[in-house]
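Following: one structure in structure tokens, then a few remarks.
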Amino acid sequence: MAGKSSTYSLKKQHRLKKPLFKDLVDWVRPDTRGFHQCRPAFLRTGAVNAASGSAYVEFGSTKVIVSVFGPRESKKAMLYSDIGRLNCNVSYTTFATSIRGQGSDHKEYSSMLHKALEGAVMLESFPKTTVDVFALVLESGGSDLPVVISCASLALADAGIMMYDLVTSVSVSCLGKNLVLDPITEEESYQDGSLMITSMPSRNEVTQLTLTGEWSTPKIHEMARVITTTRWLRPYCDYIEDEGHLRSTCFKLHPELRPKNGRGKPRIAAISEVPFSSGEGGA
Amino acid sequence: MVGLSGGEKHYIQGGIAQDLRTDGRTRLAYRQISVQTGVIPQANGSARVKLGGTDVIASVKAELGKPNYLYPDKGKVAIYVDCSPTAAPMFEGRGGEEFSAELSLALQRCFLGGKSGAGAGINLSSLIVMEGKMCWDLYIDGLVISSDGNLLDALGAAIKAALSNTGIPKVNVAVGASADEEPEVDISDEEFLQFDTSGVPVIVTLTKVGRHYIADATSEEESQMSSALSISVNRHGHICGLTKRGGAGLDPSVILDMISVAKHVSEQLIAKLDSEISAAEVEAE
């Protein structure tokens, strides 16, 4: 388009191109991931010195920092409570989004973070006190709330708050006929429907679930399969399609990594044969 | 909150386990529902829904606005809920604001569909007056007058009834206006367009008390809940939105089970609501 004027229009810059992937089955995601693949993640606890516990998490370009303060005495105005209070707050930096200050659109995230965590924290273990969970989204790259929730549960664990289990969260977007896991902002802005699930994996419990858009029964079941087969805590090898180790350390793929002497490390069943009293291991 | 003695709590929980609740209903039965339409003369559409002791009003107002530049062929819909402190003392101050925000969010999720507008109960393309220039902005406001549990289902029913009562004035765009100018419009005050509300979903909330789940919980029953799942289902049996409340976790298989039960319950609720809405429309005329 050869326009008459050459003035710089900010609005045009942010206008996303209409993606081609609407009804096609074999499109490629903008970051060349598989549909059911998460972004590369980086997780670290102890990011803030002043806090009782903190964590920093990156999922692709989504970067989140969460600090936990307390348990500390509830404010005087609060009524007596024989269980602890969880106070959650999610905020965005002004530079987190491509349009400045757009993060303030997400006012509901604080209450959603609270709902996702309250089922996992043993509130009765700190009566009359409050635990503050402050989350800051440094960079918003899509699936912000799931990353905030996972990061907050790490920070709570780092602070030594008693929990039934760590809380993990993931979202799935429905784009045309496809389900994509862990969507980025561009995919989120064109989604037909989305689902966010928050669960405690080792208890096999869902603490929070939200769903928008129109979903037929087969889609719901496909979604349930995608989410439950995604390995969050256990390492998963996609070469032999089993969990327990990563592809990079798979003995079938890298036989040179197999231990030379004997038959490798003792299996878990063998450990139980070791007597409890001795530390030398069946000497 | 509802203050209950140990005996009362036991009575409620025991009744639910026996499939005979304190008001004589079975676990999946709704209370008496009554619909009245056209209750607010200033609005384009309105309805009042009573569900047992729960009483809510929904109003729909339409204003001309400009479409979002990302979606030039779609109108806009906003849903807000106000909990009046006259209904319950806990709605006063910040607690009420938070509760209103939670209800608004759940309703937005259930009625507005995905970001691209797919799965929305309201066809956003039908709100467009002139592509990229002018559209109708619908403001849907809910008001809680009296609260006796299951507010979300009652608000969902009230919004559905208000939308079928809504008439949008016909707009004539002056022809010949160039692309850069603001279009001149003539809003008719005699001709009104009705919405197609067949796609608007209903919300079914299943509240888990003990090992069982119940539909349409009263506030006493809600005080005993461990968690609740609000599922919005449209006429085709498709799920349009889902929210979970309550701290306790749920097993994934229980959730899938609840979804299929909600679909079954929604068929009866849609049929009941349709007959109530058409009866109310006849009465209003």
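The values are calculated or read from the model by the stated rules, or taken from the named source; none is laboratory data. None of the values given here were measured: they were computed from a predicted structure. Here the Cβ is made from the backbone with ideal geometry for all residues, glycine too, and neighbour counts use every protein chain on show.
Remarks
- Positions within the range B:255-282 being β-branched (Val, Ile, Thr) and without any contact (Cβ under 8 Å) to a residue 12 or more places away in the chain, in sequence order: B:VAL282
- If you go through the range A:66-87 and keep only what is farther than 16 Å from A:MET163 by Cα and buried (at least 21 other Cβ atoms within 10 Å of the Cβ), you end up with A:VAL66, A:SER67.
- From the list B:VAL77, B:VAL35, B:VAL81, the lone residue that is under 30 Å from A:LEU79 (Cα atoms), in contact with a helix residue (DSSP H, G or I) (Cβ under 8 Å, 6 or more places away or on another chain) and either assigned to a strand (DSSP E or B) or β-branched (Val, Ile, Thr) (or both) is B:VAL81.
- When residues of the range B:233-253 are limited to those that are under 20 Å from A:LYS115 (Cα atoms) and not in a strand (DSSP E or B), the one farthest from the other protein chains (Cβ to nearest Cβ): B:GLY246
- Checking the stated criteria, B:LEU269 turns out not to satisfy the condition of being in a helix (DSSP H, G or I) and over 29 Å from B:SER164 (Cα atoms).
- Qualifying residue in the range B:220-227 (condition: surrounded by fewer than 16 Cβ atoms within 10 Å (Cβ to Cβ), closer than 23 Å to B:ARG48 by Cα and away from every other protein chain (no Cβ under 14 Å)): no
- Against the test of being surrounded by fewer than 24 Cβ atoms within 10 Å (Cβ to Cβ) and either at positive phi or out of contact with any Asp or Glu (no Cβ under 9 Å at 6 or more places or on another chain) (or both), the options A:ALA135, A:ALA157 yield a single qualifying residue, A:ALA157.
- Residues of the range B:160-196 satisfying the condition of being of a type outside the set (Gly, Ala, Ser), within 26 Å of B:LEU269 (Cα to Cα) and at pLDDT 80 or above: B:LYS160, B:LEU163, B:ASN165, B:THR166, B:GLN194
- Looking only at the range A:113-130, residues that are closer than 22 Å to B:ASP251 by Cβ and either away from chain B (no Cβ under 14 Å) or basic (Lys, Arg) (or both) come to 1 in all.
- Qualifying residue in the range A:220-235 (condition: among the hydrophobic types (A, V, I, L, M, F, W, C) and more than 13 Å from every other protein chain (Cβ to nearest Cβ)): yes
- Residues being farther than 17 Å from B:LEU152 by Cα and at the interface with chain A (Cβ under 9 Å from one of its Cβ atoms) - total across the range B:254-280: 4
- Members of the range A:202-216 that are within 13 Å of B:ILE239 (Cα to Cα) and hydrophobic (A, V, I, L, M, F, W, C): A:LEU211, A:TRP215
- Answer from B:LEU103, B:LEU51, B:LEU112 - the residue that is within 13 Å of chain A (Cβ to nearest Cβ), in contact with a helix residue (DSSP H, G or I) (Cβ under 8 Å, 6 or more places away or on another chain), crowded, with 19+ Cβ neighbours inside 10 Å and of a type outside the set (Phe, Trp, Tyr): B:LEU103
- Residue check, B:SER230 among the polar types (S, T, N, Q) and in a loop (DSSP other than H, G, I, E, B): no
- Residue list for the range A:25-73, filter: in contact with a Lys or Arg (Cβ under 6 Å, 6 or more places away or on another chain) and on the phi < 0 side of the Ramachandran plot: A:TYR56, A:PHE59
- Among (1) among the acidic types (Asp, Glu); (2) within 14 Å of chain B (Cβ to nearest Cβ); (3) under 23 Å from A:VAL206 (Cα atoms) - the single one A:ASP105 does not satisfy: (3)
- Residue within the range A:103-122 that is assigned to a strand (DSSP E or B) and farther than 30 Å from A:SER189 by Cα present: yes
- Exclusive hit being touching a helix residue (DSSP H, G or I) at 6+ places or on another chain (Cβ under 7 Å), modelled with pLDDT of 75 or more and farther than 30 Å from B:GLY95 by Cβ, set A:PRO30, A:PRO40: A:PRO30
- Identity of the residue in the range A:177-204, within 9 Å of another protein chain (Cβ to nearest Cβ) and surrounded by fewer than 21 Cβ atoms within 10 Å (Cβ to Cβ), that ends up farthest from A:TYR56 (Cα to Cα): A:TYR190
- Every residue from the range A:26-52 that is over 30 Å from A:GLY176 (Cα atoms) and more than 18 Å from the chain's Cα centre (by Cα): A:VAL48, A:ASN49, A:ALA50, A:ALA51, A:SER52
- Residues that are polar (S, T, N, Q), out of contact with any Ser or Thr (no Cβ under 8 Å at 6 or more places or on another chain) and away from every other protein chain (no Cβ under 14 Å) within the range B:54-91 comprise B:SER84, B:THR86, listed in sequence order.
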